[in-house]
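Reading through the structure tokens given below for one structure.
Each value in this text was obtained by applying a stated rule to the coordinates, not by laboratory testing. For clarity, every value in this text was computed on a predicted model and none was experimentally measured. We place every Cβ from the backbone using ideal geometry, glycine too, and count neighbours over all the protein chains shown.
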Amino acid sequence: MQVLSTRGKMNSIPATKAVLQGIAADGGLFVPESFPQIDLEEMKAYAAHEYDILAARVLQYFFDMDEAALAEITQQAYGTFDDSRVVPIKELTSVDYVMELTHGPTLAFKDMALQVLPRLIRKALDIHKQQENVLILTATSGDTGKAALEGFKDVPRTAIEVFYPADGVATMQKLQMVTQEGGNVAVCGVRGNFDDAQTGVKALFADNALKAFLKEAGYTFSSANSINFGRLIPQVAYYIYAYAKLAADGRIENGQEISFIVPTGNFGNILAGYYAKRMGLPVKKLVCASNGNNVLTDFFNKSVYDANRTFHKTMSPSMDILISSNLERLLFEVAGRDDVQVRAWMNALKQNGRYEIPAETQAGLRETFWADFCDETETAQTIKTVFETYGYLIDPHTAVARCVGEKYRRQTGDGAPAVVVSTANPYKFTQDVLRCVSGQDVPDAFEAARQLSQITGTQIPPQIAGLHEKPVLHPDCVERTGLKTAVEKFISRMGD
Ligand SMILES: *Cc1c(COP(=O)(O)O)cnc(C)c1O
């Protein structure tokens, strides 16, 4: 399939090429030229067997690659998961389900896409006969960096360097990164906060001398962040899977509409749900759940996107976002694929931090989306209540979704089946989760994990339990001016 840019739809390129390029030359995001229509009976048959087969089928709609190659990609990608079902679906009541996207190597939903993307990139290099290898550079505040490292680890013809803010990541998250194994990976701290790391990496992408150095060494830049088309499409698969699985198991009627409740930050996950609906999946509502950083709640309810507001640090840090990049793809669709209009909104956002959409566009959005948020107290209460009621432990991001899902039911009276999308294992946020469940503050993360396990009777995941025994392989930490030298050293080492 060809993909178009949201800011210049006349220029289309193959989807396989968009994966290498990341962002369009005009600054827009790549979107599919059309939405292929799924055959639900076919999907039900796949859902009864293996997740990876269904996922390969979904990728095949968008990427011109042979079936066997795609099947191999998804088999390897989801073979790294700790549950053979890949995406288990937990039933709380006959109308309340939780889809667990938390069984990948880093225990967060980012694995669903970041286990697939590197392998897609590897194949795309062959298809387009690109000579240079790919160097991925990422600044991370937590989940993405680790998931990208695990995904690219030892994938031939790729290398990855992750920069994290020395003052800005949780203990477990830092330990997960500095102990990262793999022959093509580097991890480096940056003295400063996330903005310092992010600004530093952006400057690298624009550095022509560095580009020349890399070309000489046989590399070009690419990016693994959530605007890459190759991260979006693997996410469409689990919406289709959840529906097909519930239908195949007789929990819902054929063709019955169900809703999904999605804890939202950069709008990538929920956008994949929208794509699934456009592909013919019977989706009633997509509920956009935010924490105290509720810029999206206001957007859906008041037609104004306004990022000029206080930034709150919350228990659900992956949703602490004021600019949700993937929203641009939704705007493109609801504006009738008007790329000129999208460009105007995005310019306004860049210049003034805000833009406003017309009432009829908002009305169109609200046919599919419903949005609300919950604060820290509500999130904490939800973790406690869900555990006490169902014996089921959820993380703060998932709790935000559950809480907003309940508001949705109360305010709309909708009793149709709904699926909460679970995005992280609770042990990634051990201290917060322990405090919500038991009221105890335990400063040491490993001790908190032990207590949480004891109180709740849940298992500490091996990825967390084994962390303090792992050797630190990436002790480096540089000043803000030191990123370029770090990359040069890494690439020179790769050449040896
Ligand atoms: C990234 C992330 C989210 C937000 O997903 P988006 O696609 O950015 O909206 C929610 N929860 C967790 C745990 C995440 O890692």
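For the range 37-176, the convex hull drawn through the C-alpha positions has a volume of 140 cubic angstrom per residue. Once the Cβ-Cβ distance of Lys302 and Asp249 is raised to the sixth power relative to R0 = 45 Å, the FRET efficiency obtained is 0.70. Stretching the chain fully between Arg493 and Lys211 yields a gain of 99.8 nm (0.36 nm per residue, less the alpha carbon separation). Measuring from each cysteine beta-carbon in the chain, the ones with no other cysteine beta-carbon under 4.7 angstrom are Cys188, Cys288, Cys436, Cys477. Using Cβ point charges alone (K and R +1, D and E -1), the dipole size of the range 270-402 about the Cα centre works out to roughly 260 debye. Between Glu469 and Asp154, the distance separating the two model label sites (each 7 Å from Cα on the Cα→Cβ line) works out to 1.9 nm.
Calculated mean residue ellipticity, 222 nm, the chain: -14500 deg cm²/dmol, from DSSP H runs (n ≥ 4) at -39500 (n - 2.57) each, averaged per residue and rounded to 500.
The range 175-234 and the range 251-295 have Cα centres spaced 30 Å apart. Converting the Cα gyration tensor eigenvalues of the range 1-44 into ellipsoid dimensions via √(5λ) gives semi-axes, longest first, of 25, 11, 8 Å. Close Lys pairs in the range 133-262, defined as Cα atoms under 23 Å apart and 8 or more places apart or on different chains, number 9.
In whole angstrom, the chain maps to an equivalent ellipsoid with semi-axes of 31, 28, 24, each derived as √(5λ) from the alpha carbon gyration tensor and ordered largest first. Here's the picture: a label point sits 7 Å out from the Cα of Arg354 along the beta-carbon direction, and within the range 295-316 the residues with their amide nitrogen under 18 Å of it are 295-312. Cβ crowding within 10 Å ranks Lys277, Lys146 as Lys277, Lys146, fewest other Cβ atoms first. Simple spin-label estimate for Asn11 and Leu92 gives 4.6 nm between the two label positions (7 Å along the Cα-to-Cβ direction from each Cα).
Among 71-78, 266-273, 298-305, the peptide with the highest mean count of other Cβ atoms within 10 Å heads the list, and the full ranking is 266-273, 71-78, 298-305.
Spatially, the range 458-476 and the range 367-404 are offset by 28 Å when compared through their Cα centroids. Take every DSSP beta bridge whose two residues both sit in the chain; close to 30 percent of them are antiparallel. The range 94-168 and the range 312-329 have Cα centres lying 19 Å from one another. Put a dot 7 Å past the Cα of Arg480, heading toward its Cβ, do the same for Thr377, and the two dots end up 3.8 nm apart. Overall, the chain carries a charge dipole of about 700 debye about its Cα centre when +1 sits on the Cβ of Lys and Arg and -1 on the Cβ of Asp and Glu, all other atoms neutral. Stretching the chain fully between Thr389 and Ala416 yields a gain of 7.6 nm (0.36 nm per residue, less the alpha carbon separation).
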